[in-house]
Amino acid sequence: MIMKLLVVTGVAVWGSLALLIGLSLLNRPRIRRWLERPALYAHTFWLQYRLQGLLIGALERLRPKHARRIPPEVVAAFRSARLEDYRRLKDVLQEVDALPTVQSGLAALGLKSIFEVPTRAVHRIRSPYTDRLQRPAYYLPGVPARTFYDPSEFEWVKPLEQAFPRVKRELVNVLRQDGKGFKAYMSEGQQRLEGWNTFNFFFYGKKFEENCALCPETAALLESLPRFERDHIMFSALNPHAHIPPHNGPMNGIIRGHLAMTVPPGCYIRVGKDERTWEEGKVLVFDDSFEHEVWNHSDQVRIVLFMNFWHPCFSAEEIAVLQRFRTAYEQSPAGRVHEDNQAARRAHDLAMKAIAAGKAAAKQDSPVAAAAVAP
């Protein structure tokens, strides 16, 4: 019995080691460039995800019971990667490769094709389109590399700021229903980010009908805005003394807008090397493909309306191609897990007492502030 156990364990260990070595070889730049050319692109990524799923599954079986484990849904998604998804992604990437904006960016970087980008460490190349702290999973050459933008540059900012009282009224109504529609935020790897709760309007292009019905004016406003991108649109609430750690958005070419709903003193966002705060009723505009993080050092909850818009460097014809590209890459194993996470019903841990205390303090301090939180 002991010998059998040793043999089985040995096979698992050596098998996992062989897979690990194989995957490390596949990550060498020269080998990757050859494997990720259009002719092999779909098969390379399909096989890579399948092998990663096998390796992770084997390693998980060897972990002690008390160790932090990778969720089985993530392992299953990797092991069930679909070849047709990567064929579709390869086809649309070839369309992206031909876009005039992308071609201009490639020329500035000294590259011939977007298929070279993942193996060239483009963030280290000096150009108007790159920055060392801008490292999204999918990088589009030709988009200016800027952390924060002047809101006056965008035609969608004024309608949002004019609608602030109506949006705030609908948010307050949701909060009065114990935060109905909010849920604890989960990452692509099914990790809970403590103190972060979200109220989804759209995710991966899909409309959350129940939430939109709770805030019909806000939903209608969002859908009326020019260059609106329906990937991940929500009220984003950060609890007192919570922190969202450094991370990068999945793709550049998207402009992030935050309409500040309630922002107590002591709340900050860092994008790249630059740091800002919010002003209630105003829109903050930045590029989330840069490394960014958020702090709430206050005793109240910070809430913003969190939105995406296509960068003005792209034409309407280019945006149509990029929309297909986003849909294609969201079908990756991690993307499918993240989509399931967002669709799942979960409780929130919104600090409702802190919200109530903040409303009470606002009413005592200022008639204007009181009007802002009134239904």
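The values are calculated or read from the model by the stated rules, or taken from the named source; none is laboratory data. Everything numeric here is computed off the predicted structure, so don't read it as measured data. Because the Cβ atoms are built from the backbone with ideal geometry, glycine has one as well, and the counts that use them run over all protein chains shown. All accessible areas refer to the heavy atoms of the entire protein, side chains included, with ligands and DNA or RNA removed. Shrake-Rupley method; radii C 1.70, N 1.55, O 1.52, S 1.80 Å.
For the reader, a short list of remarks on this structure follows.
- On Cα atoms only, tilt of 2-26 relative to the major axis of the chain in degrees: 70 degrees
- Normalised by residue count, segment 63-114 yields a Cα convex hull volume of 142 Å³ per residue.
- Net lengthening on full extension, ARG169/ALA316 (0.36 nm per residue, minus Cα-Cα): 49.6 nm
- Peptide packing: for 136-146, 175-185, the average count of neighbouring Cβ atoms within 10 Å per residue gives the ranking 136-146, 175-185, highest mean first.
- Per residue accessible area of segment 32-132, 1.4 Å probe, in Å²: 58 Å²
- Nitroxide proxy distance, nm - points 7 Å out along Cα→Cβ at GLU210 and GLN323: 2.7 nm
- Extension gain (nm, one decimal) between GLU95 and ARG276, 0.36 nm per residue minus Cα-Cα: 61.5 nm
- Once the convex hull of all Cα atoms in segment 148-302 is built, its volume per residue stands at 113 Å³.
- Most positive-pole-ward Cα, TYR329, THR101, PHE208, against dipole of the chain from beta carbon charges: TYR329
- For the chain, carbon and sulfur atoms together expose 57% of the accessible surface, with a 1.4 angstrom probe and every protein chain in place.
- Relative contact order of segment 138-229, pairs being alpha-carbon contacts under 8 Å that are 6 or more residues apart, as %: 25 percent
- Relative contact order of the chain, pairs being alpha-carbon contacts under 8 Å that are 6 or more residues apart, as %: 18 percent
- Label-to-label distance, nm, for residues given as GLU60 and GLU293 (7 Å Cα→Cβ offset): 2.9 nm
- Integer Hz, Karplus 6.51/-1.76/1.60 couplings in order for segment 342-349, x for Gly and Pro: 6, 7, 5, 7, 9, 6, 10, 10
- Rounded, prolate or oblate (a/c below 1.5 giving rounded, otherwise prolate when a/b exceeds b/c) for segment 140-207 by Cα gyration tensor: oblate
- Note on the chain: helix-only mean residue ellipticity at 222 nm, from DSSP H runs of 4+ residues weighted -39500 (n - 2.57) and normalised by residue number, equals -14000 deg cm²/dmol.
- 3J(HN,Hα) from dihedral phi, segment 79-95, Karplus parametrisation 6.51/-1.76/1.60, rounded to Hz, x for glycine, proline: 6, 10, 3, 10, 4, 5, 5, 7, 5, 5, 5, 4, 4, 6, 4, 5, 5
- A simple rule links phi to the HN-Hα coupling: the Karplus curve 6.51 cos²θ - 1.76 cosθ + 1.60 with θ = phi - 60°, which for segment 228-241 gives 5, 10, 8, 7, 8, 10, 6, 7, 10, 10, 10, 5, x, 6 Hz, with x for Gly and Pro.
- Think of a 1.4 Å ball rolled over the protein heavy atoms: segment 201-313 then has 34 Å² of accessible area per residue.
- For the chain, the spread of Cα coordinates along the three principal axes comes to 75, 59, 36 Å, biggest extent given first.
- q = 0.14, 0.19, 0.21, 0.25 Å⁻¹: log10 I(q)/I(0) that the Debye formula gives for segment 279-340, counting C-alpha atoms only: -0.69, -1.04, -1.11, -1.18
- Using every pair of distinct Cα positions in segment 233-354, the Kirkwood expression returns a hydrodynamic radius of 16.0 angstrom.
- Percent breakdown of C-alpha pair distances by 10 Å bin, ordered from the shortest bin, for segment 266-315: 20, 52, 24, 4, 0
- Sites GLU153 and LYS112 - FRET efficiency at Förster radius 56 Å, r taken between beta-carbons, to 0.05: 0.95
- Rg ratio (alpha-carbon, reference 2.2 N^0.38 Å) - segment 115-228: 1.38
- Crossing angle, helix 100-109 versus the chain [Cα axis fit, 0-90 degrees, rounded to tens]: 60 degrees
- Scanning residues 5 or more positions from LEU193 or on other chains, those with amide H under 5 Å from its amide H are TYR185, SER187, with H placed 1.01 Å from N in the peptide plane.
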